[in-house]
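Trainee: Dropping a structure here in structure tokens format, bear with me for questions.
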Amino acid sequence: MQIGAHAQVFTGSLDESGITRAITATRRAGFDILEIPMMDPKRFDRALAARLLAEHDIEATASLGLTAATDLTSPDPAVRVAGEEMLETCIDIVHALGGRWLTGVIYSAMRKYMEPATEEGVAHAADALRRLADRAAGKGIRLGLEIVNRYESNVANTARGGLALLDRVDHENVSLHLDTYHMNIEESDMAQPVLDAGDALGYVHIGESHRGYLGSGTVDFDGFFRGLARAGYDGPVVFESFSSAIVSAELSNTLGVWRNLWDDSDDLAAHANAFIRGQLRAVDTIRLH
Ligand code: MN
């Protein structure tokens, strides 16, 4: 199983120094994967990133949340086209990095909606995702639909809702992506949604209830990791944590990162790497009991 970290654990910007810092620190902390947020895909230096990833033997994945200007559920066709074009660019970047995953809130904007999703809006998103999944499949890349809490999307907020969305997209190259931070807000427990998702689960984010150090909040990680073991999950497991110590205007503001929960990225990352690997190792032995 591959364990990773989100780039914003290490850097708020993806300029040359930010990319370099994120990749070297990912390696130093013991991770296999760096998840790169596609905050500004057009300006992202894919050649530099590809070279450094290879040099440090780190695999890249990419993630993003769409915005009001790129929302695939929008009634405005121009907005949907902008979203699809942006995701096409992101697929091309993942391909250039030799990566295998593009995930996140790639079906709607990542924001608080003031009304429920519409049947028509979800149909628009499903149609676009089907086309994007074809494009991605041709490059050996899978798409993940990250299920987030009610304040960050109106399309689906639980694993069950995510499975319904996945049915609407109906494409074998698209998987469910669950995140413990969001599950802790919306799900009834942390193991059953993983078992319900089964083989549809393709990507996992590990985040604490306040998005700080793992084990210092209220997420039931024991239940979640047991669920992963019982489901036979074998996909990427990526650590997410955000602090105002590391600021990206786009992502920090969208996610409401107003507090300083840590100030030492390297210590945080090494701790998370050990925490996740320890949990996975422990639940792996359950099969021997
Ligand atoms: Mn997440």
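Just so you know, all these numbers are worked out from the coordinates, no wet-lab data involved. Since the model is a prediction, treat every value here as computed from it, not as a measurement. Here the Cβ is made from the backbone with ideal geometry for all residues, glycine too, and neighbour counts use every protein chain on show.
Trainee: Take residue 252 and decide whether it is in contact (Cβ under 8 Å) with a residue 60 or more places away in the chain, over 15 Å from residue 4 (Cα atoms) and surrounded by 17 or more Cβ atoms within 10 Å (Cβ to Cβ).
Mentor: Values: in contact (Cβ under 8 Å) with a residue 60 or more places away in the chain: yes; over 15 Å from residue 4 (Cα atoms): yes; surrounded by 17 or more Cβ atoms within 10 Å (Cβ to Cβ): yes.
In short, yes.
Trainee: Against the definition (surrounded by fewer than 21 Cβ atoms within 10 Å (Cβ to Cβ) and in contact (Cβ under 8 Å) with a residue 12 or more places away in the chain), how does residue 158 come out, yes or no?
Mentor: Numbers: surrounded by fewer than 21 Cβ atoms within 10 Å (Cβ to Cβ): yes; in contact (Cβ under 8 Å) with a residue 12 or more places away in the chain: yes.
Yes, satisfied.
Trainee: Could you grab me the full set of residues in segment 264-281 that are more than 10 Å from residue 239 (Cβ to Cβ) and in a helix (DSSP H, G or I)? Steps first, answer last, please.
Mentor: Step one: of segment 264-281, the residues more than 10 Å from residue 239 (Cβ to Cβ) are 264-267, 270, 274, 277-281.
Scanning segment 264-281 gives 265, 266, 267, 270, 274, 277, 278, 279, 280, 281.
Trainee: Might you let me know whether segment 68-80 holds any residue that is assigned to a loop (DSSP other than H, G, I, E, B) and under 17 Å from the mean Cα position of the chain (by Cα)?
Mentor: Taking segment 68-80 as the starting set, the residues that turn out to be assigned to a loop (DSSP other than H, G, I, E, B) are 68-76.
Keeping just the survivors that are under 17 Å from the mean Cα position of the chain (by Cα) gives none.
So far as segment 68-80 goes, no, none of its residues is assigned to a loop (DSSP other than H, G, I, E, B) and under 17 Å from the mean Cα position of the chain (by Cα).
Trainee: I've got another one for you. For segment 12-47, which residues satisfy the criterion of being part of a strand (DSSP E or B) and of a type in the set (A, V, I, L, M)? Talk me through it step by step, then tell me what you get.
Mentor: The initial filter retains those residues of segment 12-47 that are part of a strand (DSSP E or B), namely 33-37.
Result: 33, 34, 36.
Trainee: Taking segment 81-131, which residues are of a type in the set (S, T, N, Q) and touching a Phe, Trp or Tyr at 6+ places or on another chain (Cβ under 8 Å)? Steps first, please.
Mentor: So the first thing to find is which residues in segment 81-131 are of a type in the set (S, T, N, Q), and the list is 89, 103, 108, 118.
Result: 103, single match.
Trainee: Which residues, counting only those in segment 220-242, are within 17 Å of the chain's Cα centre (by Cα) and in a loop (DSSP other than H, G, I, E, B)?
Mentor: Within segment 220-242, the subset within 17 Å of the chain's Cα centre (by Cα) is 224, 228, 233-242.
Result: 233, 234, 235, 236, 240, 241, 242.
Trainee: Shifting gears a bit: From the set of residues in segment 198-216 that are free of Cβ contacts under 8 Å to residues at least 40 places away in the same chain, part of a loop (DSSP other than H, G, I, E, B) and within 15 Å of the ligand (Cβ to nearest atom), which is farthest from residue 274 (Cα to Cα)?
Mentor: Applying the filter and picking the extreme gives 209.
Trainee: Taking only segment 218-241 into account, find how many residues are in contact with a helix residue (DSSP H, G or I) (Cβ under 8 Å, 6 or more places away or on another chain) and of a type in the set (Gly, Ala, Ser).
Mentor: Residues of segment 218-241 that are in contact with a helix residue (DSSP H, G or I) (Cβ under 8 Å, 6 or more places away or on another chain), as a first pass: 218-222, 224-231, 233, 237, 239-241.
Going one step further and asking which of them are of a type in the set (Gly, Ala, Ser), we end up with 227, 229, 231, 241.
Matching residues across segment 218-241 total 4.
Trainee: Just for helices (runs of 4 or more DSSP H) wholly inside segment 81-197: which have at least 1 residues that are within 16 Å of the ligand (Cβ to nearest atom) and among the polar types (S, T, N, Q)? If you could, list the steps in order and put the result at the bottom.
Mentor: Values: elements: 119-137, 159-169, 180-186, 192-197.
Helices (runs of 4 or more DSSP H) meeting the threshold: 180-186.
Trainee: OK, next. Among what's in segment 222-254 and is away from the ligand (no atom under 16 Å from the Cβ) and of a type in the set (D, E, K, R), pick the residue that is farthest from residue 276 (Cα to Cα).
Mentor: Going through the qualifying residues, I end up with 230.
Trainee: Evaluate segment 67-75: report whether one residue or more is among the hydrophobic types (A, V, I, L, M, F, W, C), surrounded by 23 or more Cβ atoms within 10 Å (Cβ to Cβ) and in contact with a strand residue (DSSP E or B) (Cβ under 9 Å, 6 or more places away or on another chain).
Mentor: Narrowing segment 67-75 to residues among the hydrophobic types (A, V, I, L, M, F, W, C): 68-69, 72.
With surrounded by 23 or more Cβ atoms within 10 Å (Cβ to Cβ) added as a condition, the list becomes 72.
Of the ones still in play, those that are also in contact with a strand residue (DSSP E or B) (Cβ under 9 Å, 6 or more places away or on another chain) are 72.
Within segment 67-75, one or more residues are among the hydrophobic types (A, V, I, L, M, F, W, C), surrounded by 23 or more Cβ atoms within 10 Å (Cβ to Cβ) and in contact with a strand residue (DSSP E or B) (Cβ under 9 Å, 6 or more places away or on another chain).
Trainee: Taking the condition of being within 20 Å of residue 255 (Cβ to Cβ) and surrounded by fewer than 19 Cβ atoms within 10 Å (Cβ to Cβ), how many residues in segment 1-11 meet it? Break it down into steps so the answer makes sense when it comes.
Mentor: So in segment 1-11, the residues within 20 Å of residue 255 (Cβ to Cβ) come out as 4-11.
Checking which are surrounded by fewer than 19 Cβ atoms within 10 Å (Cβ to Cβ) leaves us with none.
Total satisfying the criteria: 0.
Trainee: For segment 110-118, check the following and say yes or no: at least one residue is buried (at least 17 other Cβ atoms within 10 Å of the Cβ) and touching a Lys or Arg at 6+ places or on another chain (Cβ under 6 Å).
Mentor: No, because not a single residue in segment 110-118 is buried (at least 17 other Cβ atoms within 10 Å of the Cβ) and touching a Lys or Arg at 6+ places or on another chain (Cβ under 6 Å).
Trainee: Restricting the search to segment 31-60, which residues are small (Gly, Ala, Ser) and either surrounded by 15 or more Cβ atoms within 10 Å (Cβ to Cβ) or within 23 Å of residue 146 (Cβ to Cβ) (or both)? Full working, then the answer.
Mentor: In the first step, residues of segment 31-60 are kept if they are small (Gly, Ala, Ser); the result is 47, 49-50, 54, 60.
Correct list: 49, 50, 60.
Trainee: How many residues, within segment 12-30, are crowded, with 24+ Cβ neighbours inside 10 Å and over 22 Å from residue 92 (Cα atoms)?
Mentor: Residues in segment 12-30 being crowded, with 24+ Cβ neighbours inside 10 Å and over 22 Å from residue 92 (Cα atoms): 1 in total.
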